[in-house]
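Derivation of every value follows stated rules applied to the coordinates shown; laboratory data play no part. These numbers come from a predicted model, not from an experiment. We place every Cβ from the backbone using ideal geometry, glycine too, and count neighbours over all the protein chains shown.
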Amino acid sequence: MRTTTGTKADAVSSILFIGPALLIYGLFTLFPALDTLRLSATDATGLNSQANFVGLANFGALAADATVGRVLLQTAQWLVLHVVLAGGAGLAFAVAIASLARTHVFFRTAFFLPHVVSLAVVGVIWAKIYDPYFGLLNGALDAFGLGMLKLGWLSDPALVIFSVNVASSWQGFGIYMLLFVAGLQNIDNSLYEAAEIDGAGVWQRFRHVTIPGLREVMTFVVSLALINGLKGFATIWVMTQGGPFYRSELLTTYIVKLAFQFQEQGRAAALCVVLCALAMAITVAFNRWRESLR
Amino acid sequence: MSARRVREWPLAAGLSVPLFFVLAPFVWLLLSSLKSEMEIAVAAPFSMPDRLLFENYLDAWNIGGFGELVVNSLVNVALVVGLTLAVCAPAGYAFAKMQVPGGEAIFYVVLLGLTVPIQAIVIPLYKVLSALGLLNTLAGISLAQVGNGIPFGIFMMRSFFRGIPDELIEAAKIDGAGHATILLRILLPVAKPAILALVVISALSTWNDFFLPLVVLISPESQTLPLGLVRFASTYSTEHRLVFSGTVVSFLPVVVLYMLTQRRFTEGLTQGALKG
């Protein structure tokens, strides 16, 4: 902290400056975070019940719960899918539009459009796209004579996570694309010229100049995509409610069910602690990694 | 760029194919929202409507109460953006340029909030809002959203103010200006990039929020647009023309606003994401 302009009067007025922010942050974020930790060690059930201290029993119960194992596994699948689909699309489109001059802004703007739509609205849209009778997807497959490829996109337990993830990634890739575009602008043009003089083709220039030049942005995008994936909730909630048979249940949706439908607040809080720990672990790990690249 | 060798028009033509797939849902929704129920059932997905049934929009708007939802969403966004700026600008200034007792420790506690997903704190948050009598109110949800956005807002404003030379502030002090005057008259006018990023990010995330409204806003009169649309779509799930036109109403305003302001919007989002 810099103290060059500090005096005693400063100290007093600084409290006025940070006070309102700290009050709101403390009341609506910090206290709830700490209280979640406390709740996770209790057997709280209803919203107003008397809760007893139970130590780590909730975490033990979670570990023994087969649904929780499934939820964690599916959350991991969900994260990988989001990084690959949304991160991959973001990278591919960024590289393609970066080499455009006159149509650059047009394509950047157009590809970004899905990102301004609320994920809940995206859920409504894609539920209709996947609708077995009225949906765009099966309708288009029919129109192209590919009727045999029609599937129950949201009712097939093996397919549902993938189907919903496509919807989320459709909405999500735009911001990753913008970050890659910004990263590409920072790559020194002379590196490309040098590579060209050395006879490097398009692929070699991509492989040996673009990819190394994007390393830092890439770690950033991957960590952002992992965190966004971890927070994923709205599309699942709107499209499947975690079904069929919990086969699209994620950490976030299961927390809401445990807390507000099953009234299992202690266990839900324990799962909240797991969610929070995962988010922090991802953030810290990627910050370390990024610093090691510098 | 990498591709002074790649020719513009062939690449642009090639890119139009993925672009069509990315934008196809929008086109399909726009076309379908103007069709009759019968046409939606039997006609090809991208066929032009026989007759443009704008009354679908009128019906959806009236039946779904979209007027109220839009107003609620606008009030929500205005409260969150206004309050976020009003508390984060002074706090960011204090952390950057003033001697705050225990400042470094406090700042790290605030930063901790950057990594806490809102879903992870929702149980006590619900109780706090309930205890304050703020459940089911736009004021309550706005305060909770501001609280969740404050770590990012403070971080953003602090990084910006740190880049401003101390001499500027010293000079103003010699002229007798207090911190409030310095912040309002000297720093905020030059802080446009940071403010732009903060406004774009907090406005977009508030307008699009679904999770908190779902938990906090129970009665229809207090609901915001995404939540209202989801409720509407499940109530009228068999009346596709209504769901389609309601959905278009929900995304079109932001899409148009984005297209009109795309340069600033993009700049704000990119800067915000890179700093945050």
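Here are some notes:
- Sequence-distant residues sharing a close amide H with A:T42 (under 5 Å, placed H): A:V54
- FRET efficiency, 1/(1 + (r/R0)^6) with R0 30 Å, evaluated for A:A200 and B:L257 via beta carbons: 0.10
- Set of region B:122-137 residues, backbone N closer than 17 Å to the point 7 Å along the Cα-Cβ line of A:R38: B:122-132
- Qualifying lysines (Cα of each under 16 Å from Cα of B:K192; at least 8 residues distant if same chain): B:K275
- Computed over chain A, relative contact order equals 29 percent, with contacts defined as Cα pairs under 8 Å that lie 6+ residues apart.
- Modelled label positions at A:E216 and A:R70, each set 7 Å beyond Cα in the direction of Cβ, lie 4.5 nm from each other.
- Using bins of 5 Å that start at zero, the share of Cα-Cα pairs per bin across region A:108-157 amounts to 5, 20, 20, 18, 16, 15, 5, 0, in whole %.
- Neighbour net charge for A:I187 - beta-carbon separation under 12 angstrom, K R +1, D E -1: -1
- Multiplying the residue separation of B:I164 and B:A177 by 0.36 nm and subtracting their alpha-carbon distance yields 3.0 nm.
- Extension gain for B:L132-B:R231 works out to 33.0 nm (0.36 nm per residue, less the C-alpha to C-alpha distance).
- Spatial separation of Cα centroids for region A:14-43 and region B:80-101, in angstrom: 17
- Using the Cβ-Cβ distance between A:A9 and B:E221 with R0 set to 56 Å, the FRET efficiency from 1/(1 + (r/R0)^6) comes to roughly 0.70.
- Distance from the C-alpha centroid of region A:230-294 to that of region A:120-144: 27 Å, rounded to the whole angstrom.
- Subtracting the Cα-Cα distance of B:W9 and B:F54 from their residue separation scaled by 0.36 nm leaves 12.5 nm.
- The Cα center of region B:122-139 and the Cα center of region B:166-207 differ in position by 32 Å.
- Estimated FRET transfer efficiency (A:L23, A:N287; beta-carbon r; R0 35 Å; 0.05): 0.75
- Residue among A:F245, A:V54, B:S130 farthest towards the positive dipole end of the protein assembly as shown, charges placed on Cβ: A:V54
- Separation of the A:Q185 and A:R207 label points, Cα + 7 Å toward Cβ, nm: 3.0
- The Cα-based radius of gyration of the protein assembly as shown, divided by its Kirkwood radius, gives an Rg/Rh of 0.98.
- By the rule of a C-alpha distance below 25 Å, with chain neighbours fewer than 8 residues away ignored, the lysines paired with B:K127 are A:K231, A:K257.
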